[in-house]
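Beneath this line is the structure, given in structure tokens, with notes to follow.
Where a number appears in this text, it was derived from the coordinates with a stated rule and is not lab data. Note that this is a predicted model, so its numbers are computed, not measured. So basically every Cβ, Gly included, is an ideal-geometry build from the backbone, and we count neighbours across all protein chains shown.
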Amino acid sequence: MTVPSPDSRPRAVTITPPAGPLVGRVSPPGSKSITNRALLLAGLARGESRIAGALASDDTGHMAEALRRMGVAVLQEDGADGATFVVRGTGRLAPPDGPLFLGNAGTAMRFLTAAAALVDGTVVLDGDAHMRKRPIGPLTEALGRLGVEASDHAGRPPVTVRGRGGFASDLVTIDAGLSSQYVSALLMAAACGGRPVTVALAGTDIGARGYVDLTLAAMRAFGAEVVETGEGGWTVSPTGYAARDYRVEPDASAATYLWAAERLTGGRIDLGVAPGAMTQPDAEAHELIARFPHLPPVVDGSQMQDAVPTLAALAAFNETPVRFVGIANLRVKECDRIRAMATELDRVQPGLAREEGDDLVVAADPALAGRRRPAEIETYADHRIAMSMALVGLKVEGLTILDPSCTAKTYPRYWRDLAALGVRLAFDETAR
């Protein structure tokens, strides 16, 4: 078995269920969420920062290239424990010489939209066809209330921001019901304005509040001063950022696939990091995964959204049905993940999963393990659908995952790591 090079884009990969437990050592990549936060903060700082243990992937590549286009020197050094980005900033971002293309990198799009307000000039931010379907209206509207001229296309990218070097107001209220990234974007940009800025939530609804905590930790690491002003409010002082050396922790979302593969096969996979050492919200999924095949009947996925597809794949083999609630935001991720998981699990076995409103219900069938169910699994250009449905292929014969290269968005070595653990993979190199 040969795993394709990172530059190739095979049409599909067919998975042969392993005959025994998966045993070995795999190091998950660095956290995408933390890497893109650290890249932006280092780019806004004056001086040289080194970001070690970072993720080198499509998403972080888009962020790094956008910063280069805005006058920041970003070098990438590859090592055994991940990438190191060397970032040399001037304390300011310059207007790029044309539109910034950000692929389908949601963090890069949201974070840079707010940061563009700090530029003296016009910044256009665009992405691929999938990005142009993802909502950004609440963020551009919030920027407008801060005195920044920002426009989008029916609440979606492309976005045009005409920056004036900072914000003209010291208070903004943001609707974060669709994404916590809107809050994180405003908080990070606020430290570089000329006045203290308070960011407050409209209501108490916020997608994955734990990611705001990640943002605050990264901001403070780079010298920002942030004070919580009650539930759902933060005041950011105009300190700017200081260059520093920073280490990125392993990606908890990526780790969920390995934890699940271990449970599904009765194996032992050493990730080199304890779940409790991770600060990302998806690390909380480890406790649930450890309960398989006795997952609870109702799982609230609101604070571990990226882990829901992993848990749904596990639920297919659970002893009892599982209903996933609090996951409406999954409809506006790289694809509609509720519909995608329901559709693809149902493709494996009719009736295995369904949508009920914004809930995902997985009927569960332990007897599915070991059966042959030939099916081509559509991935919708979504890395999490590909990686999660590959877990089903560890127990069901005949599963083929289409467009497997989409995992490069956050986990470029995913297929190599599965192969290293002993999973047989057959790639169809026919061009898509």
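Charges were assigned to the Cβ only: +1 to each Lys and Arg, -1 to each Asp and Glu. The resulting dipole of the stretch 288-432 about its Cα centre is roughly 340 debye. In the chain, a dipole from Cβ-located charges (positive for Lys and Arg, negative for Asp and Glu) runs towards its positive end, and of 201, 167, 348 it is 167 whose Cα lies farthest in that direction.
For residue 171, the residues 5 or more places off, or on other chains, whose built amide H falls under 5 Å of its own are 198. Among 94-107, 33-46, sorting by the average number of other beta carbon atoms lying within 10 angstrom of each residue, highest first, gives 33-46, 94-107.
Annotation for the stretch 287-335 versus the stretch 92-114: alpha-carbon center distance of 32 Å.
Note on the stretch 225-353: percent of Cα-Cα distances in each 5 Å bin, starting at 0 and stopping at the bin with the largest distance, equals 2, 9, 16, 18, 17, 13, 9, 6, 5, 3, 1, 0.
Here's the picture: charge each Lys and Arg Cβ at +1 and each Asp and Glu Cβ at -1 in the chain, and of 381, 303, 84 the one pushed furthest to the positive end of that dipole is 84. Taking every DSSP beta bridge that has both ends in the stretch 32-247, the antiparallel portion is near 75%. For the stretch 45-165, the direction-averaged projected area of the alpha-carbon convex hull comes to 7.2 nm². Counting neighbouring beta carbons within 10 Å and listing from fewest to most, the residues 184, 169, 27, 405 come out as 169, 27, 405, 184. Rounded to the nearest Hz, the phi-derived 3J(HN,Hα) couplings of the stretch 93-109 under the Karplus curve 6.51 cos²θ - 1.76 cosθ + 1.60 (θ = phi - 60°) are 10, 9, x, x, 7, x, x, 8, 9, 10, x, 10, 8, x, 5, 4, 4, where x marks glycine and proline. Label-to-label distance, residue 11 versus residue 168, with points set 7 angstrom from Cα along the beta-carbon direction: 5.6 nm.
Here the ratio of the Cα radius of gyration of the stretch 32-247 to 2.2 N^0.38 Å is 0.91.
Rg/Rh for the chain (Cα atoms only, Rh after Kirkwood) is 0.97.
In the chain, the DSSP beta bridges split such that about 70 percent are antiparallel, to the nearest 5.
For residue 367 and residue 424, the difference between the fully extended length at 0.36 nm per residue and the C-alpha to C-alpha distance is 18.3 nm. Spin-label model, residue 270 to residue 355: label points 7 Å out along the Cα-to-beta-carbon direction sit 4.4 nm apart. From its DSSP helices (H runs of at least four residues, each -39,500 (n - 2.57)), the chain gives a residue-normalised ellipticity at 222 nm of -8500 deg cm²/dmol. Shape class of the stretch 104-175 from the alpha-carbon gyration tensor: prolate, with a/c at 1.5 or above and a/b greater than b/c.
How high is the relative contact order of the chain, in percent, counting Cα pairs under 8 Å that sit 6 or more residues apart? RCO, the chain: 21 percent. Short-range pairs are left out: with C-alpha atoms under 8 Å and at least six residues apart, the relative contact order of the stretch 217-302 is 20 percent. In terms of surrounding Cβ atoms within a 10 Å radius of their Cβ, 409, 32, 133 rank from fewest to most as 133, 409, 32.
Averaging the sequence gap over all C-alpha pairs within less than 8 Å and six or more residues apart, then dividing by the number of residues, gives the stretch 32-247 a relative contact order of 21 percent.
With θ taken as phi - 60° and the Karplus curve 6.51 cos²θ - 1.76 cosθ + 1.60 applied, the whole-hertz 3J(HN,Hα) list for the stretch 290-298 is 5, 8, 4, x, 10, 4, x, x, 10 Hz, x standing for glycine and proline.
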